[in-house]
Structure formats: structure tokens, C-alpha cells
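Bear in mind that the values in this text are calculations on the coordinates, not laboratory data. Since we're looking at a predicted model, the values are computed, not measured. Cβ placement follows ideal geometry from the backbone for every residue including glycine, while neighbour counts extend to all protein chains displayed.
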């Protein structure tokens, strides 16, 4: 029971911010996901340091289970078997090449702008 | 309602089991709990002859909770505020540049290889962590399942290959390596790094959350103007 009381406020706050973000995106006619706007709002609140410590436990719980929340979307891959079809080798080639290129570009840019020192 | 609660509980339990199994195996990148749970769920659906639509409807509460979980990712950025204060400009430049290269190289290579436009759209978010991918594709009506799968697969590939690439090219700076791994291989790469070096793992986590946030704010606008 006590655990629930400690966790519920943070979970509820994140839920409210996600819903509010969706509402703002819809109102402004922006195609961006509302959750991203909710994240910005929560971040601003956290950084302002105005006693929002009560939300941490619940938010951390959501983060710990974020992997499980992706599972339904991933199972939906089945519906795309037709699109993937014979393109699997090409897709794997794109994934491997661009992942290495991206990692290298990020590391080099960081070094170039002097972040390494 | 009862069926939905049962299916959601089964997915959560399956994920907990997969996480335990992954730990027993020593957390290798290929034993991603997300991948294992999804494969197991797909196998159960196939064996029991349950149509995907029914599974989708039953797991709607879990899909919905992904939004609040994305909001909670603010904790990761806030946890790194000291680092952001000291080296924020360099980190933001590296993340923005890396994410742009990730987006551009994936879309460009897809075009070059003549891949289907749906595939190209799914590939455009491969350098973005799956929770953000689902949010982006839901907001833009893109191929959710395909894009999420390519994102998770990218994480596995990156965790396996990027550290090797950095070793080969003698890129030794801890921060540069962490940022490169975080941007390119998001959650899977970050978890791999965190187990070896928690401090570098924190920086990688910051990198993948910033990449996801950036993509969530920019990619829908790009697809909106192209489509």
C-alpha cells in the first residue's frame, strides 16, 4: 500500500503530461508526438527545482518497464512481412552501414568541437 | 476488459522473464528482452491462431502507457544536468550532427538501393530509440511495427559492432565513444555500456534521449512536408 502511494503521484503526473502534450499538439495542429512535448514540460519542471521530488519514484518505475511497453508495437511487425519480403538483405546492409557511420560521425564531431578536452 | 488485463499481465510477466533470462546469459546484446518477449508473443499468437488485431486491441493499455513512459525520460536528461552545464554545447552539436547523419544516411541509402517508400520511412527513424519511434509513427501514421523492429535491431547491431569499430580506429576518448554508441545504438548500446562503465553509460543515455527528442520534434515535420 505504501509503495503504491509513493509510486502513484509520479505515474499520474507523467500520464497527465502525456495527455496534455497530445492536446497541445492537436490544438496547434502539429504532427509531433504529444509525449515529446510532455517530456519538455516535465524536464522544465525538474530543472526549475520547484519541489517535484515526489514524482521521481513513479517516473522511474515507468522507465524500468519501458521495454515491455514496446512489445505490442514490435509484435505488429508481422503485418509488414509483405513489405519486407525480399528486401531483408538490403535492409540489413542499410542498418549495419548507417549505424557504423552514425556512431563514427557523432564521435568525430564531438572531438572536432573540442568536447574531448 | 478481463481478457485485456490478462494479456497485458502476460506481456509484463513475459518481459520480466526475458529480462531474467538475459541476465542469466550475461546480458549479451543479441538477447534483448524486448526482442525475446516479442518473438515469444508472436509464437503464442501463431500457435493459438489469434489474429493480430485482437492482440492489438487487448494490449491497448500498454501502448497507451508508452506515452507517459516517454515523458518520464526527462529524468535521464535531468540526471545529467551537471554534464550538460559543463559540456552542453559540444554534446548537443555531436548529438544533432550524429542524428542528422543517421537520418540522412538511412534515407539516402534506402533511395539508392531502390527500397519501397514504406521501408524508407521506417528506416528514417532507425537511429531513434523505439519508444520515440512508436510515438513518431503513431503521430504521423507511419509503419509502427516495422519502424520499431528496425530500431531495436539497430541497437543490437550497434552494441555488437560499434565498440569494435572504435577500437579499430583507435578512438579512445570515453565521452566520444559513449556519445557515438548512444546516438547510433540507443537503448541496447547504452545498457551494454552501462554494465561496463556506469559513468559513460549515463552519457550514452543522455545522447539517446536527446536524439529521440530531437527526432520527435523534427522528423514528423520533414515527412509532413515531403508527403
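How do the peptides B:185-194, B:138-147, B:167-176 rank, highest first, by the average count of neighbouring beta carbon atoms within 10 Å per residue?
Working: B:185-194: 26.4, B:138-147: 21.4, B:167-176: 14.1.
Output ranking for B:185-194, B:138-147, B:167-176: B:185-194, B:138-147, B:167-176.
Cα-based Rg of the protein assembly as shown per 2.2 N^0.38 Å, rounded to two decimals?
Numbers: Rg = 19.1 Å, N = 344, 2.2 N^0.38 = 20.2 Å.
It is 0.94.
Which whole-number percentage describes the relative contact order of chain B, with Cα contacts under 8 Å and a sequence gap of 6 or more? Kindly include the intermediate steps, with their values, before the conclusion.
Numbers: 248 pairs, mean separation 44.9, N = 227.
The value is 20 percent.
If you stretched the chain out fully between residue A:113 and residue A:97, how much longer would it get, using 0.36 nm times the residue separation minus the C-alpha to C-alpha distance? Could you put the intermediate results ahead of the total?
Details: separation 16, 0.36 × 16 = 5.76 nm, distance 2.43 nm.
Length gained between residue A:113 and residue A:97: 3.3 nm.
Once you keep just the Cα pairs under 8 angstrom separated by 6 or more residues, what percentage relative contact order results for chain A?
Working: 62 pairs, mean separation 28.4, N = 117.
The value is 24 percent.
Of B:197, B:49, B:80, which is the most mobile in a GNM of chain B whose springs link Cα atoms less than 10 angstrom apart?
Taking springs between Cα atoms under 10 Å, the residue moving most is B:49.
Over all directions, the average projected area of the alpha-carbon convex hull for the stretch B:1-66 comes to how many nm²?
Details: hull surface 19.0 nm².
With the hull built on Cα positions only, its mean projection is 4.7 nm².
Counting helices only, and only those DSSP H runs with n ≥ 4, report the 222 nm mean residue ellipticity of chain B as the sum of -39,500 (n - 2.57) divided by its residues, in deg cm²/dmol to the nearest 500. Provide the component values of the computation, followed by the final result.
Numbers: 11 runs with 192 residues, N = 227.
Helices in chain B give a 222 nm mean residue ellipticity of -28500 deg cm²/dmol.
Gaussian network model of chain B, Cα springs within a sub-10 Å range: biggest mean-square fluctuation belongs to which of B:40, B:205, B:135?
Maximum among the listed residues: B:40.
Please find the FRET efficiency linking residue B:195 to residue B:44, where r is the Cβ-Cβ separation and R0 is fixed at 30 Å, and quote it to the nearest 0.05. Walk me through the numbers on the way to the answer.
Working: r = 30 Å, r/R0 = 0.99.
Using R0 = 30 Å, I get an efficiency of 0.50.
Calculate how large, on average over all directions, the projected area of the Cα convex hull of the stretch B:72-227 is; give the answer in nm² to one decimal. Don't skip to the end; give the middle numbers.
Numbers: hull surface 36.5 nm².
Taking the Cα atoms of the stretch B:72-227, their convex hull projects to 9.1 nm² on average.
So what is the diffusion coefficient of chain A in µm² per second by Stokes-Einstein at 25 °C and 0.890 mPa s, using a Kirkwood Rh over Cα pairs? Display every interim value, and only then the final one.
Details: Rh = 18.2 Å.
Diffusion coefficient, whole number: 135 µm²/s.
When the convex hull of the Cα atoms of the stretch B:36-133 is projected onto a plane and the area is averaged over all directions, what value comes out in nm²?
Working: hull surface 35.8 nm².
Over every viewing direction, the Cα hull of the stretch B:36-133 projects on average to 8.9 nm².
For chain A, set up a GNM with springs between Cα atoms under 10 Å and report which of A:36, A:60, A:103 has the largest fluctuation.
A:103
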